[in-house]
Ligand code: AGP
């Protein structure tokens, strides 16, 4: 999704804005642009279709600017081209604006502005907003701040914006509703961005703007104000705890590869400090635990990979704590007739904490009086702020568009939550709980999965030309299959579908031929025999079989599978994580072999902050 960086201070803003845009590249974009105010109080705007590197080459270095706004655009309204790239200007060319989000009522506003003889240059909803601000500023006897407020009060939809005005060369205004914006503060320097990644290297003091808040930065001071009224609001400055390392690829070619390998550390990090005296501790839920433990019904809502983790969470919670769990895509939950009330718990899962559909689902649940719990990776994100309580996944910044380490940490949090519920509701014996919490041996075994990376590479080479894949698993491993298929689709552009293994006979089997590989996730558990039958069904139709199992020296599997990956034997639950890591590596190596940009797959955005 689009990214915003803005700077006001005493330094030359081009390098700060460009390195900020580079940091935001992981979000996905198709064009980029910068607007600065020069020493003659004129706007200097440069925009390019394509990569930030192209924008960088187009910038002239003949002037130094201390105030500027920059943007990476992911097209929604209007094609991805230079004209539609941000920043956009008003007709007087005094006001420049960058915008994340969508202005839903842009059409009637545009018609109104056209009737006032305002001419448009682009096809974007964003230009409508800046022209409206310009209209109020130039015709309404309003000052800069008033005209921004007047325009924002008339737009529907979502916005995170930063605006400059050449009549106010010391001023920068930012505002948000629905689309995140962060303000970084250093002595006499101000940084604004759509997430903290462009800011962390300069300052740890930040303010997460809340919905309907504006930051009005003037000379060396700033105010937080309301979009709705001309009133000042408290400045809630927080200290962030992010390492710059999270944004470096280190020895890896791609962030995704680094993040897959990081799971050796991120999984223990999610667990650390959360198990004490053979009990689960989830501090973030303690204030609401009496409501949570007596829940009659739980909804889990999320999108994409986080939704797959939700399906695994359902299995854990129903199995251990005997509470019925419904898992719904957030995009459906927000419009469905969900049966939620004050006795319902709604768990929202999100890596970024900014996914628009997940936030809408949370708001709906809050409005119905349900207790909302966030499982989220980004401290201070909208999900963490809008849910009543929550648990952080603590796996560090995830840069690769394809989610990997966040998925396995989400599974771990859901496992701990299910066990804690079971402990409180006395639906698990002390011995069994102790066994489930003795995770250390399983975690140590993650390292050995990576010893098989060369074998996985060979499998990737063999199948990279396939046009379709089937991923099949049962129980807990059905969502693992869904996630494996999603990873392959996202980064290799190979069509893949995940199915419960036994469902395969009810339709997808028609697809099987010698060119179609099926990936089976087949641990030696109570469904093993059934899965063997499913494998045989595919084999007899000449389909290629790749199996991931924990069954060592398994003659039957050796005989049936064209390719076999054996992960260390642990419990049923850790197997789901091990198999997920293997599937991440398989997707990664297939995409790498096809020479694709693994971290920034086409059309995808890291954080989907529009509906
Ligand atoms: C995962 O690989 C995806 N890129 C995507 O499905 C993602 O999981 C989804 O957009 C939800 O994101 P979130 O966890 O940040 O809410």
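We did not get these values from a lab; they are worked out from the coordinates using the rules stated. Everything numeric in this text was worked out from a predicted model, so none of it was measured. Cβ atoms come from the backbone with ideal geometry, glycine included; neighbour counts cover every protein chain shown.
When Rg and the Kirkwood Rh are both derived from Cα coordinates, the Rg/Rh ratio for the range 325-400 amounts to 0.97. Per-residue ellipticity at 222 nm computed for the chain from its helices equals -10500 deg cm²/dmol, with DSSP H segments shorter than 4 residues left out and the rest contributing -39,500 (n - 2.57). The Kirkwood radius of the range 505-581, taken over pairs of alpha-carbon atoms, gives through the Stokes-Einstein law at 37 °C and 0.692 mPa s a diffusion coefficient of 257 µm² s⁻¹.
Each residue, residue 458 and residue 218, gets one label point 7 Å from its Cα in the Cβ direction; the gap between the two is 7.0 nm. Distance between the C-alpha centres of the range 300-346 and the range 538-576: 30 Å, rounded to the whole angstrom. If R0 is taken as 60 Å, the Cβ-Cβ distance between residue 93 and residue 427 corresponds to a FRET efficiency of 0.35.
Calculated translational diffusion coefficient of the chain (25 °C, 0.890 mPa s; Stokes-Einstein with Kirkwood radius over alpha-carbon pairs) equals 96 µm²/s. Overall size of the range 515-559 from C-alpha positions, given as principal axis extents largest first: 28, 17, 16 Å. Expressed as a fraction of 2.2 N^0.38 Å, the value expected for a compact globular protein of N residues, the C-alpha radius of gyration of the range 191-283 is 1.55.
Normalised by 2.2 N^0.38 Å, where N is the number of residues, the C-alpha radius of gyration of the range 376-484 stands at 1.36.
Averaging the Cα positions of each part gives two centres, and for the range 192-228 and the range 31-80 these lie 21 Å apart. Under Stokes-Einstein, with the Kirkwood radius over Cα pairs as Rh, the value for the range 232-367 at 4 °C and 1.567 mPa s is 74 µm²/s.
What would the Debye formula give as log10 I(q)/I(0) at q = 0.09 Å⁻¹ for the alpha-carbon point model of the range 2-245, no solvent? Debye intensities relative to I(0), on a log10 scale: -0.32. With the simple model of a label 7 Å out from the Cα in the direction of the Cβ, residue 53 to residue 596 spans 2.1 nm.
Here the extension length gained between residue 232 and residue 146 equals 29.6 nm, from 0.36 nm per residue of separation less the Cα-Cα distance. From least to most packed, judged by other beta carbons within 10 angstrom and beginning with the fewest, 200, 162 follow the order 200, 162.
P(r) tail for the range 447-598: Cα pairs beyond 25 Å make up 18% of the total. Expressed as a fraction of 2.2 N^0.38 Å, the C-alpha radius of gyration for the range 470-530 is 1.09. Take every Cα-Cα pair in the range 540-589 and report what % of them are more than 12 Å apart. It works out to 65 percent of all Cα pairs. Site pair residue 170 and residue 505 shows an inter-label distance of 7.9 nm when each label is modelled 7 Å from Cα along Cα→Cβ. Projected over every direction and averaged, the convex hull enclosing the alpha-carbon atoms of the range 288-351 yields 4.4 nm². Largest first, the extents of the alpha carbon coordinates of the range 407-457 on the three principal axes equal 45, 22, 12 Å.
Using the Cβ-Cβ distance between residue 529 and residue 64 with R0 = 56 Å, the FRET efficiency computed as 1/(1 + (r/R0)^6) comes to roughly 0.20.
With neighbours defined as other Cβ atoms within 10 Å of a residue's Cβ, the residues 195, 211, 125, 248 order from fewest to most as 248, 211, 125, 195.
Taking each residue as 0.36 nm, the span from residue 42 to residue 541 lengthens on full extension beyond its C-alpha to C-alpha distance by 172.6 nm. Taking R0 as 51 Å, what's the FRET efficiency between residue 264 and residue 339 from their Cβ-Cβ distance, rounded to 0.05? Using R0 = 51 Å, I get an efficiency of 0.75.
Beta bridges from DSSP with both residues in the range 249-444: antiparallel share about 10 percent, rounded to the nearest 5. Three principal axis extents describe the C-alpha atoms of the range 38-132; from largest down they are 41, 29, 18 Å.
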